[in-house]
Each structure stands twice: as structure tokens, then as C-alpha cells.
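Report on one structure; see the data block that follows.
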Amino acid sequence: MITRSQVPEAVCAVAERLESADFKAYLVGGCVRDLLINKPPKDWDITTNATPEEIQSLYAEDETYCNNDYGTVGVKNDDTEDERLKVVEVTPYRTESGYSDARRPDAVQFGVSLAEDLARRDFTVNAIAYQPSDGAVVDQFDGLTDLKERRLRAVGTADERFTEDALRMMRAVRLAAELDFVIEAETMAAITRHNTQLTKISIERIAGEWLRLIDSPTPMQGMVFLERLGLLEHFIPEFTASIGCEQGGIHAFD
């Protein structure tokens, strides 16, 4: 499990300031997942029951910024050379609804519970919350078991998660390649059912996931997933033509 010593002091300081003002503060998302598998987090995210205005009221005007529709407040930390800690993002608990572009919610609602916030997330391994102040772990979707089994599984109903945000299909494959995880059967089936939704996503966002996949420890595993799940044909169809095309001479693979 996670110990407080694994969490940088700059992150703990933000959580402590929220809790000193009688708000809740939990680490959530990829940083919790990575800590649980002893992998250095790339960034740090905190979720809280405070509103964006309440978060910013705890700091001087030039110490934070908030310029997005999701209520995320960036708490600046100029006293570090670690790029991952220069900004600690704090986001209120929220629910989302209406995904007309298959990517972004049409409406965001604050003032909800931690349980409701975790229920909107993509995969169970990303829906685990950790409270630095007392070491409490909130795991309402059994993400800890999925981490142990090295398995990616959608939160709740997989069909809903992928129709909300079609980029999650690419993210599933990229995470499987980065973490060397398998994708759970129903999650895979849902991706296959909704793979055409990927055409609604901008090529820049797809490319971001693609490049991270190629740079992962197991890019070939990712390529196999992309082809078998029917995603590859929707952004690099030229690759599909090369699958099963035998070569002679010095080339060992199709």
C-alpha cells in the first residue's frame, strides 16, 4: 500500500491546506495507480469537496490559476526544480453529462460526493483515491484487485464509458502497453462495438496516445490490440494493409 513518505511534500502541503480549512483532499487518478505499482507518477492530482472559488481563496491571487470548464485549479510551486511539482492540480468532485462530441461533457456539476466523482472515471485502476492525512484508500470499483491481476477494466458499464469519451479506447490500449496489462474481456468487447466512434476524435488527440504507445515498453502488444479491436483502421489504415503481407529475403515479419 501507499505510505505518506511516497508523496512529495509539495503535494502533501496542498492537501493539508485544504483539510485545515475543513475540506476533504484525496490523491486520485494515475498518480495513485502508479504509487500502488511502485512506478514514479508523471503528475499529481488532488480531488476535493471544495469549489474552485474556495480552493483559490486559500492562496494568494498569484499562487493559483483556473481557466478551464472543469473547475481544475493549478496551485503553483516555484520552489522546486521538479517539473512534475511546479503545478499541483486540484479539482472539485464533479459529475459530467451529455457528450455530444464523443469527447467532452456538455455539462459539469460540482457539489457531489467522492463516490459520484470516482464513478465518472475511465478505468478501475484510475478510480482509486488516497487520503495522505490518514492513509485511507477508497476503492469502490475493486481497482486494487485489477492492479494485482494486471488488468484494465472499465468503471461501471464499459459501453457508457466509451460512448462518453471515445479517446478512452485509445487510452486503454496505450495503458495496456505502458503497464504491460491485459484488457478485460467485456472492456475489449465494448471497444470493438464502438470503435467507429474514434473517427469523431481529433487526430491530434489520437496522435498523443499513439506516440505514447510507441514509446511504451511493449509497443508491439499495443499494435496487436489496436488491430484486433478495430481501432487501427480508423487512424492509420495503411498499417492494416501490411498485416499478414508476407515478405521474403531478409525480412522476418509481415
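Calculated mean residue ellipticity, 222 nm, the chain: -10500 deg cm²/dmol, from DSSP H runs (n ≥ 4) at -39500 (n - 2.57) each, averaged per residue and rounded to 500.
GluC sites (Glu not before Pro), restricted to segment 2-82: which are DSSP loop and have at most 12 other Cβ atoms within 10 Å?
Glu81
Taking every DSSP bridge with both residues inside the chain, close to 75 percent are antiparallel. For the chain, the share of alpha carbon pairs falling in successive 10 Å distance bins from zero is 7, 28, 33, 22, 7, 3, 1, 0 percent.
Distance between the 7 Å Cα→Cβ label points at Glu160 and Asp22: 3.3 nm.
Ranked by the mean number of other Cβ atoms within 10 Å of their residues, highest first, the peptides 163-171, 86-94 come out as 163-171, 86-94. Under the combined filter of DSSP loop state and at most 13 neighbouring Cβ atoms within 10 Å, segment 99-134 retains none of its trypsin sites (Lys or Arg not before Pro). Within segment 209-254, report the chymotrypsin sites (Phe, Trp or Tyr not before Pro) that DSSP leaves as loop and that have at most 13 other Cβ atoms within 10 Å. When the chymotrypsin sites (Phe, Trp or Tyr not before Pro) of segment 209-254 are filtered for loop state and at most 13 Cβ neighbours within 10 Å, Phe253 remain. Dipole magnitude for the chain: computed about the Cα centre from +1 point charges on Lys and Arg Cβ and -1 point charges on Asp and Glu Cβ, it is near 680 debye. For Lys76, the lysines whose Cα comes closer than 28 Å to its Cα, not counting residues fewer than 8 places off in the same chain, are Lys24, Lys39, Lys42, Lys86.
Throughout, read-outs are computed from the coordinates displayed, never taken from laboratory work. Not measured: the values here are computed from a predicted model. Quick reminder, even Gly has a Cβ in these numbers, built from the backbone with ideal geometry, and neighbours come from all protein chains shown.
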